[in-house]
Amino acid sequence: MAAPGSTGRRTGGLRSLIRGPVTPVDDHDAVVGALYREYQRPLLTFVLRLTGDRQWAEDVVQETMIRAWRSADQLDERVSLMPWLATVARRIVIDNRRHREARPVEVGDGPLENLPTTSGTDGMDGLLRKVVIAEALASLSDAHREALTETVLRDRTVNQAAEALGIPVGTVKSRVYYALRALRVAMEERGVTA
């Protein structure tokens, strides 16, 4: 076993890190324990340089050791394990960065607490009401919908709406009146009061 604080360069394989005899059942655990004792410090130093965050670096080292434990049988014949461990750790850091960049930034609940809600709910009532109104508007005739669009949605006077639609002012007034009545009935049929 190399002296504590060594760079982890070995001339033997992974099994040479283990002190004393081990049974096949403890073999993986003993290998990973020895691997951790030998390579944890240099690997942590390496990962710290990659991440700049100690907690993240410790998580990466732990995940690297788990992967080494899963691959213990394949690591037996390797001369030096530090290059393999460093490569695995670097790939984990890269994957973590990609994962963080792919996810939207989490902002917590603070900004959501200040949003106004409809009648104490989470806003679903308002959304459902808008959907019902859109369906009710779609059920109107084209002439009635155009009259409402010009006067209500575009906030035009009856005279401006008549000019835009190319129809007499009296016709616009009549269409708006009957459109509002039909809209009210359509909304009541859908369970929404105007």
>> Can you compute 3J(HN,Hα) from phi for each residue in the range 85-90, using the Karplus curve 6.51 cos²θ - 1.76 cosθ + 1.60 with θ = phi - 60°, rounded to whole Hz and x for Gly and Pro?
In response: 4, 5, 5, 4, 4, 4
> Which three semi-axes in whole Å describe the equivalent ellipsoid of the range 120-189, each the square root of 5 times a Cα gyration tensor eigenvalue, listed largest first?
Replying inline: 26, 13, 9
>> Using a 10 Å cut-off around each Cβ, can you sort Lys173, Lys130 from fewest to most neighbouring Cβ atoms?
In response: Lys130, Lys173
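Rule-based calculations on the coordinates, nothing more; no lab input. For clarity, every value in this text was computed on a predicted model and none was experimentally measured. Every residue, glycine as well, gets a Cβ built from its backbone with ideal geometry; the counts of neighbours run over all protein chains shown.
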